[in-house]
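First comes the structure, then the notes that go with it.
The values are calculated or read from the model by the stated rules, or taken from the named source; none is laboratory data. Predicted, not measured: the structure shown is a model, and the values here were computed from it. Every residue, glycine as well, gets a Cβ built from its backbone with ideal geometry; the counts of neighbours run over all protein chains shown. What goes into the accessible areas is simple: the full protein's heavy atoms, side chains included, and nothing from ligands, DNA or RNA. Shrake-Rupley method; radii C 1.70, N 1.55, O 1.52, S 1.80 Å.
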Amino acid sequence: MPGSPCTKDIQKNINGSTSAASPVTFTELQLLMAHPELPSEQDSSHEEKKEKDPVQPGPTKLRRARVRFLKIVSYFAGDMEVFAKWMEKQFFLLQLLDWVLRGAAQVMFVNNPLSGLIIFAGLILQNYWWALNGFVGTLFATISALILQQSRGAIAAGLYGYNGILVGLLMAVFSNAGNWYWYLLLPNIFMSMMCPIVSSALASINSRWDLPVFTLPFNILVCLHMVATGHFNHHFPQVLIQPRSELPNITWAEIDVAKLFMSVPVGVGQVYGCDNPWTGGIFIISLFISSPITCAHAVLGSAVGMVSGLALAAPFGDIYFGLWGYNCVLACIAIGGMFYALTWQVHLLAITCAFFCAYLGSAIANIMSAFGLPACTWPFCLSALTFLLLTTGTKRIFKLPLAKVTYPEKNLCFYWKMKKQEKKDKAEKERKEKEEQQKAIEEEVILNEKEQLRLELERMEEGRAASEASEAGNNKTRAEDEAPGVEQQGTEEEIRQNEIIQVTIGENES
Amino acid sequence: MPGSPCTKDIQKNINGSTSAASPVTFTELQLLMAHPELPSEQDSSHEEKKEKDPVQPGPTKLRRARVRFLKIVSYFAGDMEVFAKWMEKQFFLLQLLDWVLRGAAQVMFVNNPLSGLIIFAGLILQNYWWALNGFVGTLFATISALILQQSRGAIAAGLYGYNGILVGLLMAVFSNAGNWYWYLLLPNIFMSMMCPIVSSALASINSRWDLPVFTLPFNILVCLHMVATGHFNHHFPQVLIQPRSELPNITWAEIDVAKLFMSVPVGVGQVYGCDNPWTGGIFIISLFISSPITCAHAVLGSAVGMVSGLALAAPFGDIYFGLWGYNCVLACIAIGGMFYALTWQVHLLAITCAFFCAYLGSAIANIMSAFGLPACTWPFCLSALTFLLLTTGTKRIFKLPLAKVTYPEKNLCFYWKMKKQEKKDKAEKERKEKEEQQKAIEEEVILNEKEQLRLELERMEEGRAASEASEAGNNKTRAEDEAPGVEQQGTEEEIRQNEIIQVTIGENES
Amino acid sequence: MPGSPCTKDIQKNINGSTSAASPVTFTELQLLMAHPELPSEQDSSHEEKKEKDPVQPGPTKLRRARVRFLKIVSYFAGDMEVFAKWMEKQFFLLQLLDWVLRGAAQVMFVNNPLSGLIIFAGLILQNYWWALNGFVGTLFATISALILQQSRGAIAAGLYGYNGILVGLLMAVFSNAGNWYWYLLLPNIFMSMMCPIVSSALASINSRWDLPVFTLPFNILVCLHMVATGHFNHHFPQVLIQPRSELPNITWAEIDVAKLFMSVPVGVGQVYGCDNPWTGGIFIISLFISSPITCAHAVLGSAVGMVSGLALAAPFGDIYFGLWGYNCVLACIAIGGMFYALTWQVHLLAITCAFFCAYLGSAIANIMSAFGLPACTWPFCLSALTFLLLTTGTKRIFKLPLAKVTYPEKNLCFYWKMKKQEKKDKAEKERKEKEEQQKAIEEEVILNEKEQLRLELERMEEGRAASEASEAGNNKTRAEDEAPGVEQQGTEEEIRQNEIIQVTIGENES
């Protein structure tokens, strides 16, 4: 993680030049990137810091209080790096719990155990049985990844858990056997343990294009389980999903605006298959804790989904139930700052992607219903992958290398640093070019001086040569031999070069 | 574009040695590649031209008239490069119109605004509303590509427009809301503007195998729109398509041969969703203008499709309606000279591909009908991609690098040039090898001569040494020291080398 | 083929140290790898053999008989390399027959004409018409590959035939027109000839991940044919397959244990679409001849499939009919020793893959039935590809490079050799490191000795210098000039280096 160099920029903003052009909203984002290790910075670039320190003595108590607040925020916001480092030395089961919680939050691209804890609270509020299944799924997916000796860093970031929680949850949600049907845990554990295998396989393919696997393993495995058993099964029956076969009854007069607004948090909740608006609200809070940009895009995505549903004449029930929202939530988060650095262009792209995702969601839901399947998060995966594969000529749409993706605020920081570096490199290059020009001019001046010297010398030489010639005619110097030839040559450049030789020869003579 | 060196070959054929082995049919194809800049050729290889000029004085008026005719043809055949260059300096809206027209023709792989204009005429003949939708689709797809800063060259070649025209046209064709339902323009514009995004994303994947995206973006987006809304939708209802569920009524006695023959142009027309045979005829003409090879393969493909339909016992109605033809048309064009250099083997491969495509077309139509979808051009895309991924041991099936693909005649020219170059390289290599052999033989001769010389010298030396030895016994030369050792050594080679040394030493001595 | 070095290891086991730790079951496997060229081994490592020969004089007749038996076994086990070499010089039609037989066996990853012959016998036992179609399919697929100039080695290994036999067989099995409907041979031949094209295209894609194409071409082409014609077709009607629409009648009391056990060989037989348990038994024998590991995994896979069927509450009829087995058979063979080197971890992975494959089989069967299609071997292909794309940190799960895959026993041998080489390299490296350390120590000792010498010399020098100084004060040596500066320098290292210089200078002086 390129954390430490990054934080120095923030330090600059906090300590000294906050007045310098950074708007208020952006400062708030930067707070989340502040590192607690700041005071004990031990970098080679101490001189940089010293330059800024003299500026600090002035600030009031308010500023100092603010710095302390930021420090506290940095402990539980973002990806809680300090906590992760502290965890590394703890008891294995505690570590596992950390990974499971991070896994739970990673569904929304949030690598934060606190968010994970809050999300589990939301799930418990929704349904005990579902929450249990979700927990079992995350746990066994993580364990399976450990058994298969996957990358420890990825496991610790919860990247092997998020498909597990979705598999566990959604298998419980779509089971027709009712709550507390304990046998369901068997396929749940099996499918959760398959998650890392499918993840690893898909990563082998997607990594060729530097793409993440998103929730594709979950989509594949849940659809696999549902269609393998189906509605008509003795052991693991699924809820009946059938394609629409008649015109839905839509009366615009009957629209319930309150429910429509409620559909925004419900849409966020539906990412985890929850239809309780309070659960959705809790999820939104958990997002805000880790990354406000993510949170804003989640809400925006859900709203875009709702609007798309109305535009495509979807039954109101589906819209109220959040079915038009959850894919757009994920797509909007993924494009809006997570895998692209957030600029205005990327923000617009994220909204476009959310609309496209809503369209695709409707299409996939209709296709899948022919097999008795829900849409899962296929629409999100496919639309986000499409938008990540996009190549444009603009530099303002910058896709982060997959290894550098953390959370929107830090990504933005990375992007700014990169741009600054680019600018610096450019300025450096220009400076060098200027210097070279300057040098060339100076050399020209020197050459001219030498030229003058040479002419003088030549005149002297000619005088001497004339006098010498009368004495000893056969003792000609090389300089004298060449000199006439030079004066008859065409290009000015050659003349100058020959003159320099003459000068040095002249110097040797005298 | 490797245009200018290419045209020189044609020049040769036209000016001088037309009698030399090039059959009549091929000359006709070459006409289309003749460049208007020919008279003002300013290449470094003037000597080549001069060699041919003396041959020209002879030719009659007929030949001169023919050259003039070719020059005129070259202005509007092929990809109209001169026109494109002239366009670059024009007003932006005029340029945009050029790109839109080229986009309209690019559906059939034709990069020619005149063909595009004729195609639009055919569309207007078919249906005003459809033509309007097609135009809007092409326009907005091109604009979207400009906004996303896609490659200007590709935009100017119409490569971002052809999916747009198909999206626009087919959304109108499959809409159940009737003509002039103006709201349809909204999803039309949205989907058209999504075209460059999906194109770019698919190109990122396909470029790994140097494959084009064909009409995949169109297939994806139209299917997406149709299945997202479906037949039972208030805003954008689609026509009802249902899977076959009973034996079709096929009586071979009832076959209408006239309609069967008519199905060939109808099949070409169905590429743009048009069932009017006149429209299909106009399309065929537009193809002929740009590239006769393309035109021939289009008609051939349509015929193959019709035959396949009969072979697989398709309902006659489908065959008459051209549904078996349009995919084969595209597949046959793509394989037959467009992405492979046209040889007899490739021609056969194109016909095979057309049959495979017809089979696949029936399969995909049956699958898609389960979701209420038409087959679109999925069969063409999948079969052409399969045949382009093929790797064989024959050099006669040569897949052009994607960047070199222009139109069949020019591709063929590129292939011939490459082969000639290869032959030349091979001849050069052989010549060099021969020269080296010659050199080796000469060296052998020289060595033998030296050997003779050495033996003589040695004998002389021995005589002298004997006489000298008697005079001064302690003044031995190095050559004398080595000589006895050499004569006792084993391998012949070493002896010879040492002898050469002796010779030179001996020469130094004398 | 890295055959000859491999056999030497086996030789060791056979001749000498069979008592050394190799269990009985493994010896049996190794037998199959014994080469008939053993007696005439002409390797550079004769000394290795000589070392072992003295051990041999003791062994009884039994051992000698065993060696002879192994030699005979090696003629027709494994991939029958000797036979293949002998075949190369035979009449073309005989060669073609060899390729066809190998192609028939390659369905089960067995490259052995004898197995192929036995498999054809099994097919004839099942159904004459099916066997004929299978033969025609293999033949034309091989011919088509020859026409398309595919790799001769792959053709000779039957890698272009196995899709052909499956296409031929399954098109006959699923045809609703009854046996001896001769027209069926037409699409059979067309589809078989398409096999190499589709194989080659898929290989272009899969080779990027070093993956085989498995039976994907067969799946694609048979599904294509079946869905293109469908149940309601006049020329080529297919059997009617419909999705399940009600709860199957499963009474656990009615279970027939005999039939359940019989389902294991039936499952193996269903790989070729045969439901006769005797045919399945014959197939098992044919597998055993070539490779016991393959055979064991085939039976294991079939059993896993049967258990999965029971676990997922499948109708008993389907389980008895072997529909749950054949995909697991193939998946278990592929993972268990064929593409991975067989270790205990890989064995467990193969069983996991078989379970996953069974699950996937049920899912795909349900999806395909919506289009009137059977599951074919899609589940096997997809599950095996997923498990081959898996990347783990363990070295015990070693995926063989595709070019090195032969049969499980030889693969294992390759893996062992590689590991031994690695160990050797490691030991070599360690040895070198030790040597270097030793050398460093020795150098240290020498340096210390020089140090002592230097001190002595210095003392002598000082004494002499003092005496000389009184005589000639202006004749200072360089060594004396440097010496004081050296003694005042900081680091010990520099001092030592300078001292060495002094020593040498001192030596020159004296």
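Summary table below
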item: Cα point-scatterer Debye curve for segment A:293-428, base-10 log of I(q)/I(0) at q = 0.17 Å⁻¹; result: -0.85
item: Label spacing, shortest first and in nm, from B:Leu62 to its equivalents in the remaining copies (7 angstrom along Cα→Cβ); result: 9.8, 9.9
item: For peptides A:300-308, B:124-132, C:117-125, sequence by mean Cβ density within 10 Å, most packed first; result: A:300-308, C:117-125, B:124-132
item: Segments C:103-111, C:412-420, A:186-194 sorted - mean Cβ within 10 Å per residue, highest first; result: C:103-111, A:186-194, C:412-420
item: 10 Å Cβ neighbours from other chains, averaged over peptide A:144-155; result: 2
item: Inter-copy spacing of A:Val239 label points, which lie 7 Å from Cα along Cα→Cβ, given in nm from shortest upward; result: 3.6, 3.6
item: Shape category assigned to segment A:197-287 from the gyration tensor of Cα positions, a/c cut at 1.5; result: oblate
item: Backbone HN-Hα couplings from phi across segment B:81-87 [Karplus 6.51/-1.76/1.60, Hz, Gly and Pro as x]; result: 5, 4, 4, 4, 5, 5, 4
item: Kirkwood Rh, angstrom, segment B:293-359 [1 / mean 1/r, Cα pairs]; result: 11.4 Å
item: Nearest-first distances (nm) between copies at A:Ile255, label 7 Å from Cα via Cβ; result: 5.7, 5.7
item: Average partner coverage of A:219-228, which counts Cβ from other chains inside 10 Å; result: 5
item: Per the axis that maps chain C onto chain B, nearest residue of C (Cβ criterion) and its distance in Å; result: C:Ala370, 4
item: A:Phe69, C:Phe91, ranked by accessible area, largest first (probe 1.4 Å); result: C:Phe91, A:Phe69
item: Once the Cα gyration tensor of segment A:379-440 is diagonalised, semi-axes √(5λ) in Å; result: 36, 14, 7
item: Within segment C:372-410, trypsin sites (Lys or Arg not before Pro) in DSSP loop having at most 11 other beta-carbon neighbours inside 10 Å; result: C:Lys395
item: Translational diffusion of segment C:90-230, µm² s⁻¹ [Kirkwood Rh, Cα pairs; Stokes-Einstein; 4 °C; 1.567 mPa s]; result: 88 µm²/s
item: Along each principal axis, Cα extent of segment A:60-102, largest first, Å; result: 45, 17, 10
item: Pairwise FRET efficiency - B:Val82 versus B:Thr60, Cβ, R0 = 30 Å, nearest 0.05; result: 0.60
item: Shielding score for B:196-209, defined as the mean number of other chain Cβ atoms within 10 Å; result: 4
item: J(HN,Hα) series, segment A:380-387, from Karplus relation 6.51 cos²θ - 1.76 cosθ + 1.60, nearest Hz, glycine and proline x; result: 4, 4, 5, 5, 5, 4, 4, 6
item: Of the GluC sites (Glu not before Pro) in segment A:400-447, those whose Cβ has at most 10 other Cβ within 10 Å and which sit in DSSP loop; result: none
item: Kirkwood hydrodynamic radius of segment B:56-157, from inverse mean 1/r over distinct Cα pairs, in Å; result: 15.2 Å
item: With DNA, RNA and ligands ignored, accessible area of B:Arg464 (1.4 Å probe; Å², nearest 10); result: 100 Å²
item: Distant-in-sequence amide H partners of B:Tyr181 (H built 1.01 Å from N, under 5 Å); result: none
